[in-house]
Amino acid sequence: MKFAGLYFIPTHNPTEATTLLSTLTTSLETHFHNPTPSTPWTLTYRLLRSTPAPSSSQTLPQGYHHILHISSLSQPLTFCYIHGLASPTQIKSENSTQDSSQKIQQPAETGKEGVKQMIITIPTSQSDPHIHTLITHLSPLWSHRQTLFIPPSPSYSSGEYTVRLGQLHLSRSPYINPGTATSATIPGVVVCIEAEADGTPKAEDSDSENDQNDIKEESGDGSSVTLGREEEEWYKEMECGVRDIWSKIWGNGEGMGLGGKGVEVREVMMDWKTQIDWGNRRDAQEDETLVKMWCEVLRLRA
């Protein structure tokens, strides 16, 4: 079982980002219980946005194609998360309920009926050829919006928790090697706090008299997700643990080299309630939920 929380702290220049990363690392080493250095990690993220058809008479929802590789999540695989594209059925339904002079203005919500979303994996070695195909041969459909990467960066472990820190570098090129590339633009620093436990609490029989010990949430595709009580308690405990670790590392934000004011830290937690279900795909579902969490933070601009 996995859980993670992600924190993004915006910076204005490379010097500020370097100072912040150093200060956060020192604070982590001071407040994290017996931190043990782990394998350095890297990240590469490319964002593409759907290109509207020139002849289109309506403003359709924007689609996004995230291409994400995190070495700590999977070294050989890169995740492709595509969402926000309206299906022909939805477009027809929207048009039938509007006056002919009206246009669809609001993007469709991901995960709802009629909106396509999917996550696939490709070999990391094929990520550059994949994006090359999208922005050259399929340029009428997709346009490159941004590339972010984190060069080899520190991580620390203690018990169930692992903390990873890194500077986000912004690149104009869709092709990047995070191990050798440099960038003069650093939009911010990220801190990811992960928790992982061996094994999974035993799922309760949905037909048994213990049904009242399960909670039901609506998943992203509208289906029912049943969470065992023990599982729910573990996720809640880890969520509190992540926030506790962050509060110790960050403190009140003073002394972080950011002037001590006007800093808005963005927090995004793994959406365990609506994404994780029992079954053989638990590990895959958790990885996909982590990917969605990262993409939500990394999409700095549309």
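The values are calculated or read from the model by the stated rules, or taken from the named source; none is laboratory data. Just so it is clear, the model here is predicted, and its values are computed rather than measured. Here Cβ is always computed from backbone atoms with ideal geometry, including for glycine, and neighbour counts include all displayed protein chains.
For the reader, a short list of remarks on this structure follows.
- Residue, modelled with the lowest pLDDT, within the range 254-265, restricted to residues that are under 15 Å from TYR7 (Cα atoms) and either of a type in the set (Val, Ile, Thr) or surrounded by 15 or more Cβ atoms within 10 Å (Cβ to Cβ) (or both): MET256
- First in the range 285-302 and farther than 18 Å from SER171 by Cα, second anywhere and aromatic (Phe, Trp, Tyr) and modelled with pLDDT of 90 or more, Cβ under 7 Å, 6 or more apart: VAL291/PHE79; VAL291/TYR81; LYS292/TYR81
- Some residue of the range 95-118 being assigned to a strand (DSSP E or B) and modelled with pLDDT of 80 or more: yes
- SER55 farther than 22 Å from PHE149 by Cα and either at pLDDT 90 or above or among the small types (Gly, Ala, Ser) (or both): yes
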